Amino acid sequence: MIVATARAPRARRAARGEPAPVDWGEYAAAVHRWELITGRPAPYPTQPGRHGRPVLAPPFVEWLMGLPPGWATADHLDLPRTAQLRALGNGVMPQQAAHALRLLLDDLTHLHRPLRHPPDSTTPNKTARTNRPAPAHRGSTRPSGTARTSTVARDRRGGTRAPC
């Protein structure tokens, strides 16, 4: 009499060359969500290593990073497994890079937005003064044509220098 055990389906799959279904455990919800986002099922996370023990599979890492299939694992690239994992490990997830660029561009936009100050009635009309460039001094780091205004001169005008 043959008794069916829980291992029988696994043995049949192994005989057909199919990997056993992965028990994602506590990560099952996250894996399922990422499968929905990427639009493709999760590849098997391991592959047989040189000595028969399972090792990390590059297609799984590629999938985790949200890269298209074959981005670093295509056969025509002719990369060994270790080079594929090195390339993937040194790469950046496209979603993460896009988010970082969005934040950077928002910061740059904010920094280059002109400041809007209300008109100050105590500041004299700048067009009434003559704007003569100050003589260039030897060793000066100022661009030619820009004058240095002393604190005393600023105080006489009645204004203070606005912070940058």
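Here are the numbers for the structure shown:
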item: Full-stretch length increase - R40, Q96 - with 0.36 nm per residue and alpha-carbon distance subtracted; result: 18.2 nm
item: Interchain or long-range residues, amide H under 5 Å from V55's placed H; result: Q47, G49
item: Difference of contour (0.36 nm per residue) and Cα-Cα distance, A83 to V55; result: 8.7 nm
item: Relative contact order, percent, region 52-93 [alpha-carbon distance under 8 Å, six or more residues apart]; result: 42
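Every number in this text was worked out from the coordinates using simple rules, so none of it is lab data. The model shown is predicted, which means the values in this text are computed figures rather than measured ones.
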